[in-house]
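Working notes for the structure below.
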Amino acid sequence: MNTPTWLRVLYVIAYPLSALMLIVWAIVTFAYDGPGWIHFFLSLGMFLLIWRIVAGGTQDSWRKYLSGR
């Protein structure tokens, strides 16, 4: 199985990207009167976080995933 390059990059940056989305969502929601579409950041940030945790698996599967095999 060859993992596409974009998916490997997303796998590596999923934690920081999800944290950034959740922080932006929290700031805009609680500090300002944010529009309804800002809740998309909450949904996508939680999705990325959960996906990364589930896709993480064991350390061996992580190495295989990043190597693209």
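What follows draws every value from the coordinates through simple rules; no lab data is involved. Bear in mind the structure is a predicted one, so any value in this text is a computation, not a measurement. With ideal geometry, Cβ positions are generated from the backbone for all residues, glycine too; neighbour counts draw on all protein chains shown.
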Could you give the length gained by full extension between W6 and I50, i.e. 0.36 nm per residue of separation minus their alpha carbon distance, to one decimal place? 14.0 nm
Take V28 and I13, extend 7 Å from each Cα along the Cα→Cβ direction, and tell me the distance between the two endpoints in nm. 1.8
